[in-house]
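No value in this document is a laboratory result; all are computed from the given coordinates. Being a predicted model, the structure only gives us computed values, none of them experimental. A quick note on method: Cβ atoms are made from the backbone with ideal geometry, for glycine too, and the neighbour counts reach across all protein chains shown.
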Amino acid sequence: MGNLLMLLFVTLVLTALCCCEGDLNRALDDGVKINRETANAFVRRQKRAYQYYERYYEMFKTPQELKQEQCENYAPCDYYSELVGFHAAYRHFFGRV
């Protein structure tokens, strides 16, 4: 039994050395080289105008978002909205939608 395990272990070690031999000879500095156009196809820079446009909508919320926050901050409305939906809960506690 011990001889069989030793033979299996030696076989695994030799197999591992044979498989990894090609990887040891390759230099680590060889990386993937692609040209600039191909790289830019994957990574696009955001334009500055888009960032200002996004900031505008972060500062000013839509009326729907304001109503949802109002309902979420009021516990009975928040609980009731999970049961019947936001519009029905808001109408029930705060009037018209």
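Among 77, 71, a tally of other beta-carbon atoms within 10 Å of each Cβ gives an order, fewest to most, of 77, 71.
As a proxy for reagent exposure, ranking 84, 32 by other Cβ atoms within 10 Å from fewest up yields 32, 84.
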